[in-house]
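Since the structure comes first, as C-alpha cells, the remarks are kept for the end.
The values are calculated or read from the model by the stated rules, or taken from the named source; none is laboratory data. What you see is a predicted model; the values in this text were computed from it and never measured. FYI the Cβ positions are ideal-geometry reconstructions off the backbone, even for glycines, and counts take in every protein chain you see. We work out accessible area using only protein heavy atoms, side chains counted, and drop any ligands, DNA or RNA first. Shrake-Rupley method; radii C 1.70, N 1.55, O 1.52, S 1.80 Å.
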There are 2 protein chains.
Amino acid sequence: MILSHGTLTAPVAHADAIRQLLRQIAQATRQEAGCQLYLVSEDLELPGHFIITEQWASLADMEAHLAQPAVGEAVAAVHGMGVTDLSIIAWEVGTQTDVI
Amino acid sequence: MILSHGTLTAPVAHADAIRQLLRQIAQATRQEAGCQLYLVSEDLELPGHFIITEQWASLADMEAHLAQPAVGEAVAAVHGMGVTDLSIIAWEVGTQTDVI
C-alpha cells in the first residue's frame, strides 16, 4: 500500500478557487482504480495551506492516476494561480499499528 | 520512520473548541523528541472533520508521545465533547518517491 502526503500554499487571492479545485480533484480521484483514500484539508494553523492525504493500493495505481491529463491540468492550474510550493511525496508502507 | 494518519469528527457545538485544542496539541507535540511533522487540518469537504498528520523518527518516539499525561487528557477531552470516532493509525514506511 502507498501513503502519500501533499502540500501547497495558495496566494490569498486564489485560496477559494484552490479550495474548490481540490474538492473537485478529490471527488474525481476517489472513482479511480486503486484509490483507497483521498482527503483534501486546510491547515488549522495556516489558512491557505492545504494538505492532500492519499492512500493507494499500489504505486502503479498512483502512477496511473498521475499520468491522467486531468492531473496535469490541475497542476498547471495551481501553478497558474501562483502556487510555488506544491509537493507530493509517496511511501511504500510496512507494519501498521492501530494507535487509537 | 513512522507516518501516522488520525481523524475525528466534532459535534457542531464543539467544533471551535476542538480546532483550538488541536492547534495547542500541534504546537506542544512539535517540541517532542523524534517529532518530524505534526499537522492538524480540517477536511475541505466535511467541515468539523479533522485530520492529524504525523511523522516520527521511530515508533518508540511516537509511543513516548502517546504515553504523556497531556495526550491522555486531550483524548479524554475530545471524548468529553462528544467525539466518538477518534482513530489514529501508524505505519512503518519504506521506499520514498518524490512524486511532484
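In this assembly of identical copies, the label point of residue B:73 (Cα plus 7 Å along Cα-to-Cβ) is separated from its counterparts by 5.2 nm, sorted shortest first.
Nearest-to-axis residue in chain B, judged by Cβ distance to the rotation axis that brings B onto A and given in whole Å, is B:41, 2. Each of B:28, B:96, B:53 was scored by the projection of its Cα onto the charge dipole of chain B, and the greatest displacement toward the positive side belongs to B:28; charges sit on the C-beta of Lys, Arg, Asp and Glu.
For the protein assembly as shown, a simple Cβ point-charge model (Lys and Arg +1, Asp and Glu -1, everything else neutral) yields a dipole of about 320 debye relative to the Cα centre. Residue by residue along A:43-50, Cβ atoms of other protein chains within 10 Å of the local Cβ number 4 on average. Add -39500 (n - 2.57) for each DSSP H run of 4 or more in the protein assembly as shown, then divide by its residues: what number comes out at 222 nm, to the nearest 500 deg cm²/dmol? Theoretical 222 nm ellipticity from helices: -11000 deg cm²/dmol.
Treating only the Cβ of Lys, Arg, Asp and Glu as charged (+1, +1, -1, -1), what charge dipole size does chain A show about its Cα centre? Round to the nearest 20 debye.
For chain A, the charge dipole is close to 220 debye.
On average, how much accessible surface per residue is there in chain B, in Å², for a 1.4 Å probe, leaving out ligands, DNA and RNA? Using a 1.4 Å probe on heavy atoms only, each residue of chain B averages 46 Å².
With the label put 7 angstrom out from Cα along the Cα-to-Cβ vector, residue A:84 ends up 4.8 nm from the copy partners, going from closest to farthest.
For segment A:1-46, the list of GluC sites (Glu not before Pro) that fall in a loop by DSSP and count at most 15 other C-beta atoms within 10 angstrom reads A:32, A:45. Each other copy places its own label point for residue A:96 at 2.3 nm from this one, sorted shortest first, where the point lies 7 Å along the Cα-to-beta carbon line.
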